[in-house]
């Protein structure tokens, strides 16, 4: 069900995370979100952080906002993206977390590589009983952001197959059984979030597009099976809310996960099948090599094309973004095109100032094309020259 983007031409949005303010020093840890919000210091820092995230996005003129993933703790490489769920779902032995085990020769980032630190930070609890939603409390987090703005706030979550690959398991005998148990638990939590009124729910990083490069998940789940995992996880949601399927090629510590630029082409047939309203694509970092193929293979759904590279501190120019939007419009109808960042910008590597001006450029570049097409432009307060601190004659 299109709620946030219904009838909106060239809507703009971020994928999710934003850089953490230096003064946000408190961490959630293993407390539930509602328990932490009783702590006066945590509550003040958390709500202030969400407030500046919301205000920065509003000042830039984005159409759909996020809470910046403020509930994630300040961990190496943004590890909390996966770790939050593992420490807050039922079925995990949270009191004795342990490092993940990697097969000899199976570590893609050896000692001396910046992402080896990310692997070492995978210290998580193991599964010891039936998995359940526990105290994820997504609804409360979304409400804490949505009550700060009239614009729609999108809420995102990691997908079950990544969680399943992150942990040791003493309970489920088959990793596929583990995946579907995590899927059912997330589905319960996400339906509660949709019932509360969340206008956009985003599933982050289904491994469908990764399969041609890495092989089937657990040696068993190919692209077709991963479509089923996605659909089970979002079952019932599209009757109540707008569902986004976010895909990218990874960005811990703002690093590329692959040596070579990857193409979505082998997976597009399967991505087109997922039960989602919107599919997002990392496109800016690859030089938009897949635009034609995406336009040909993704039918009916809305398509969000990344116009902001989350790996680099170079702020994209509005005219550059406008040119790339024009190129996308050659293959994707204007009524189905959304403009976004390639991925989140808060995975331990980018400053708040860089992220702020990247989203300003996204809106300014989109406004150029809106103007050319006779569409309403977004009010970009951050670029209003009347409020510059420069003294001009």
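A short reminder: the numbers here are calculations on the coordinates, not readings from a lab. Treat the numbers as computed from the prediction; the structure is a model and nothing was measured. Cβ: placed from backbone, ideal geometry, glycine included. Neighbour counts: every protein chain shown.
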Fewest to most neighbouring Cβ within 10 Å: what's the order for 56, 300? 300, 56
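For residue 335 and residue 231, what does the FRET efficiency come to when R0 = 30 Å and r is the distance between their Cβ atoms, rounded to the nearest 0.05? Don't skip to the end; give the middle numbers.
On the way: r = 25 Å, r/R0 = 0.83.
Approximately 0.75, to the nearest 0.05.
Using packing as a proxy for protection, rank 367-376, 178-187 so that the peptide with the highest average count of other Cβ atoms within 10 Å comes first. Before the final figure, lay out the partial values.
On the way: 367-376: 15.2, 178-187: 22.8.
Going by the mean number of other Cβ atoms within 10 Å, highest first, we get 178-187, 367-376.
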Can you tell me the 0 to 90 degree angle between the C-alpha axis of helix 318-329 and the longest principal axis of the chain, rounded to 10? 70 degrees
Can you sort 359, 210, 111, 9 from fewest to most other Cβ atoms within 10 Å of each residue's own Cβ? 111, 9, 210, 359
Quick one, can you get me the convex hull of the C-alpha atoms of segment 189-329 expressed as volume per residue in Å³? 132 Å³
With label points set 7 Å from each Cα along the Cα-to-Cβ direction at residue 6 and residue 289, the distance between them in nm comes to 3.9 nm
Once residue 173 and residue 23 are pulled to full extension, the length gained, defined as 0.36 nm per residue separation minus their Cα-Cα distance, is 49.6 nm
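To the nearest 0.05, how large is the calculated FRET efficiency for residue 263 and residue 151 if R₀ is 30 Å and r is the Cβ-Cβ distance? Kindly include the intermediate steps, with their values, before the conclusion.
Values: r = 34 Å, r/R0 = 1.13.
The value I calculate is 0.35.
For segment 60-190, report the convex hull volume of the alpha-carbon atoms normalised per residue, in Å³, without decimals. If you can, show how the numbers build up before the last one.
Details: hull volume 17.7 nm³, N = 131.
Per residue, the Cα convex hull of segment 60-190 comes to 135 Å³.
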In whole Å, how far is the Cα centre of segment 64-133 from that of segment 315-393? 33 Å
Crossing angle, helix 40-60 versus the chain [Cα axis fit, 0-90 degrees, rounded to tens]: 40 degrees
Treating the angle as unsigned and between 0 and 90°, give the value, to the nearest 10°, between the Cα long axis of helix 175-195 and the longest Cα principal axis of the chain. 50 degrees
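Working out 0.36 nm times the residue gap between residue 377 and residue 111, then minus their Cα-Cα distance, what length gain in nm do you get to one decimal?
On the way: separation 266, 0.36 × 266 = 95.76 nm, distance 4.90 nm.
Net length gain for the segment: 90.9 nm.
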Determine, at each q value in 0.12 (inverse angstroms), the log₁₀ of I(q)/I(0) that the Debye formula gives when each Cα of segment 11-387 is one equal point scatterer. -0.90
Scattering curve values for segment 312-393, log₁₀ I(q)/I(0), Debye with Cα scatterers, q = 0.14, 0.17, 0.19, 0.22 Å⁻¹: -0.56, -0.78, -0.93, -1.11
Residues 55, 358 arranged by fewest to most Cβ contacts within 10 Å: 55, 358
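Can you compute the helix-only [θ] at 222 nm over the chain? Use -39500 (n - 2.57) per DSSP H run of at least 4 residues, normalise by all residues, nearest 500 deg cm²/dmol. Please report the intermediate quantities before stating the final value.
On the way: 13 runs with 137 residues, N = 393.
Using -39500 (n - 2.57) per qualifying helix, the result is -10500 deg cm²/dmol.
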Would you calculate the separation in nanometres between label points at residue 256 and residue 188, each defined as 7 Å from the Cα along the Cα-to-beta-carbon direction? 4.2 nm
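Please pull out the direction-averaged projected area of segment 235-309, using the convex hull of its alpha-carbon atoms, in nm² to one decimal place.
Projected over every direction and averaged, the Cα hull of segment 235-309 covers 5.7 nm².
Taking a ≥ b ≥ c as the square roots of the eigenvalues of the Cα gyration tensor of segment 1-143, is the shape rounded (a/c under 1.5), prolate (a/b larger than b/c) or oblate? Spell out each step's value before the answer.
Details: a/c = 1.73, a/b = 1.46, b/c = 1.18.
Taking the square roots of the gyration eigenvalues as a ≥ b ≥ c, segment 1-143 is prolate.
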Spatial separation of Cα centroids for segment 1-36 and segment 250-313, in angstrom: 21 Å
